[in-house]
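S.K.: There's a structure below that I have some questions on.
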Amino acid sequence: MIAIIKYNAGNIRSVQNALNRLGYESIITDDKTEILNASKVIFPGVGEASSAMKYLKDKGLDEVIRAIEKPMLGICLGLQLMCDYSEEGNTQCLGIFNTQVKKFPPNKKVPHMGWNSFSDVNGKLFHDIKTNEDMYYVHSYYAEKNEQTIATCNYILPFATAIQHNNFYATQFHPEKSADVGTQLLKNFLEL
Amino acid sequence: MLKKRIIPCLDIKNGRTVKGINFVGIRDAGDPIELAKQYVEHGADELVFLDITATVEKRKTLVELVTHIAEEINIPFTVGGGINTIEDVSSVIKAGADKVSVNSSAVKNPELITQIARQFGSQCCVVAIDTKFVDGEWMVFVHGGRTATPLKTLEWVKQVETLGAGEILLTSMNNDGTKAGFALDITEKVSELVNIPVIASGGAGTKTHFKTLFETTQASAGLAASIFHYGEIPIPELKQYLKNENIAIRWT
């Protein structure tokens, strides 16, 4: 069973739809036991960092997430919340990835919205995916590159678009909205 | 590099597509889901569903449709047409829409933009603006372009950005339906003025029109309806052309 973490962020349903299309059963849950017993966990999200983090703490989900031992995939806001700190709402985050989340300088259109490619790809998550393929993005904040970065995207500046630390994976783009190439990435994660 | 987006718009009435031809392999061109899936396969970067149903039963039918679309397609989509309240927004977002577009309702109640941005994030708030060049000034029109407003387009776009809009869908009524090309000057003026993405709409008739749009303005996307529905310009052909012309385009 795949657990999708339920919290006050949008877009959770889209992830479940994508899993259904791949033939995987999933539950949307904020129950500690269900999350820790799942074979894989997905931590999706579109929303605002400080209110999301507050919700996670109020529900004790911050501790649950840190305790996950099975592969977990954070998506978009999920990735940002897994970092140390976010400028959005001056938020202390989960501290799984040792990097910080900053707001894009307004040199170009913000949010970074639409399809973009990536480079410097590393690891199983990107099996069978070429770097000239595009993923769908929508975000105004980005994670700074660090040594845990497994893919880089360039918009205004190079930023970490996929990060991995042990069993914790995350992507800034939305694989569930990135057509066939995004589906492939989800499949790679589910087959880890 | 961030790609320029090609966005087909589907008009929906009572849960059915209004215009549309029978693409090869589509049994029912009136079925929005089949049509949407075909567009996804053809490489559309995003879809817009515009509900033009006028009945009171509207929202229920729309929410059911949005639920089905979200189950079936794996690219982002926007739902617009008669989204008047935060409850309307909530019901289509919860059903799986990635964005909503508001038009007349935002003019009537600009606070709605801020409510959407606060509750669901700016990224899901598209403000659609119908604009027409009247007496030397680009003005905002509402109710499907039937009603003039005292709003100047260049002031309204600035205001919607400040209120929390994440994107602007700009339709030039002077160009819409002419197939003579996009309204380049107002598209560029708006793109220059705001720092959020602008989708240009109205007037697409040839592949060159898209090239000119992307070469001469900072528009992030081009939207069209009939040329795609009636198969006049197949999306794969358009994308191949733009790619050959060195426009940054997603290639599938």
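The values are calculated or read from the model by the stated rules, or taken from the named source; none is laboratory data. This structure is a prediction, so every number in the text was calculated from the model and none was measured. Virtual Cβ from ideal backbone geometry, glycine too; neighbours counted across all protein chains shown.
S.K.: Hey, does the stretch A:57-71 have a residue that's basic (Lys, Arg), more than 16 Å from A:Asn166 (Cα to Cα) and surrounded by fewer than 22 Cβ atoms within 10 Å (Cβ to Cβ)?
M.R.: Yes, there is a match, as at least one residue in the stretch A:57-71 is basic (Lys, Arg), more than 16 Å from A:Asn166 (Cα to Cα) and surrounded by fewer than 22 Cβ atoms within 10 Å (Cβ to Cβ).
S.K.: Further, regarding this structure: In the set B:Ile83, B:Ile93, B:Ile116, B:Ile129, which member is crowded, with 23+ Cβ neighbours inside 10 Å, assigned to a loop (DSSP other than H, G, I, E, B) and not small (Gly, Ala, Ser)?
M.R.: B:Ile83
S.K.: Give the number of residues within the stretch B:212-252 that are away from chain A (no Cβ under 14 Å), farther than 22 Å from A:Ala179 by Cα, in contact (Cβ under 8 Å) with a residue 60 or more places away in the chain and assigned to a helix (DSSP H, G or I).
M.R.: Of the residues in that region, 1 qualify.
S.K.: Which of the residues belonging to the stretch A:127-140 are under 14 Å from the mean Cα position of the chain (by Cα) and modelled with pLDDT of 95 or more?
M.R.: Matches in the stretch A:127-140: A:Met135, A:Tyr136, A:Tyr137.
S.K.: Also: Among the listed residues A:Ala18, A:Ala38, which satisfies the condition of being modelled with pLDDT of 95 or more and crowded, with 23+ Cβ neighbours inside 10 Å?
M.R.: A:Ala18
S.K.: Against the definition (out of contact with any helix residue (DSSP H, G or I) (no Cβ under 7 Å at 6 or more places or on another chain), assigned to a helix (DSSP H, G or I) and at pLDDT 95 or above), how does B:Thr171 come out, yes or no?
M.R.: So B:Thr171 fails the test.
S.K.: Further, regarding this structure: Go through the residues of the stretch B:71-81 one by one and say whether even a single one is free of Cβ contacts under 8 Å to residues at least 40 places away in the same chain and either more than 26 Å from A:Ser178 (Cα to Cα) or out of contact with any helix residue (DSSP H, G or I) (no Cβ under 8 Å at 6 or more places or on another chain) (or both).
M.R.: no
S.K.: Also, quick follow-up: Within the stretch A:76-92, restricting attention to residues that are crowded, with 24+ Cβ neighbours inside 10 Å and part of a loop (DSSP other than H, G, I, E, B), which residue is modelled with the highest pLDDT?
M.R.: Only one residue tops the list, namely A:Met82.
S.K.: Sort out which residues of the stretch A:1-38 are β-branched (Val, Ile, Thr) and touching a residue at least 12 places away in the same chain (Cβ under 8 Å), and write them in order of number.
M.R.: We begin by selecting, within the stretch A:1-38, every residue β-branched (Val, Ile, Thr); these are A:2, A:4-5, A:12, A:15, A:27-29, A:33, A:35.
Hits for the stretch A:1-38 are A:Ile2, A:Ile4, A:Ile5, A:Ile12, A:Val15, A:Ile27, A:Ile28, A:Thr29, A:Ile35.
S.K.: Right, something else. Any idea which residue in the stretch A:172-192 is farthest from B:Thr252 (Cα to Cα), counting only those that are more than 13 Å from chain B (Cβ to nearest Cβ) and of a type in the set (A, V, I, L, M)?
M.R.: Looking at the filtered set, the residue picked out is A:Leu192.
S.K.: I would also like to ask the following. Among the residues of the stretch B:190-211, which ones are part of a helix (DSSP H, G or I) and either touching a residue at least 40 places away in the same chain (Cβ under 8 Å) or hydroxyl-bearing (Ser, Thr, Tyr) (or both)?
M.R.: Of everything in the stretch B:190-211, those that are part of a helix (DSSP H, G or I) and either touching a residue at least 40 places away in the same chain (Cβ under 8 Å) or hydroxyl-bearing (Ser, Thr, Tyr) (or both) turn out to be B:Ser191, B:Thr208, B:Phe210.
S.K.: Quick one: which residue in A:Lys40, A:Lys59, A:Lys6 is more than 15 Å from the chain's Cα centre (by Cα) and over 15 Å from A:Glu176 (Cα atoms)?
M.R.: Values: A:Lys40 fails: more than 15 Å from the chain's Cα centre (by Cα); A:Lys6 fails: more than 15 Å from the chain's Cα centre (by Cα).
Of the residues listed, the single one that is more than 15 Å from the chain's Cα centre (by Cα) and over 15 Å from A:Glu176 (Cα atoms) is A:Lys59.
S.K.: Condition (residue is within 13 Å of chain B (Cβ to nearest Cβ), acidic (Asp, Glu) and touching a strand residue (DSSP E or B) at 6+ places or on another chain (Cβ under 8 Å)) applied to the stretch A:85-92: is it met by at least one residue?
M.R.: Yes - at least one qualifying residue is present in the stretch A:85-92.
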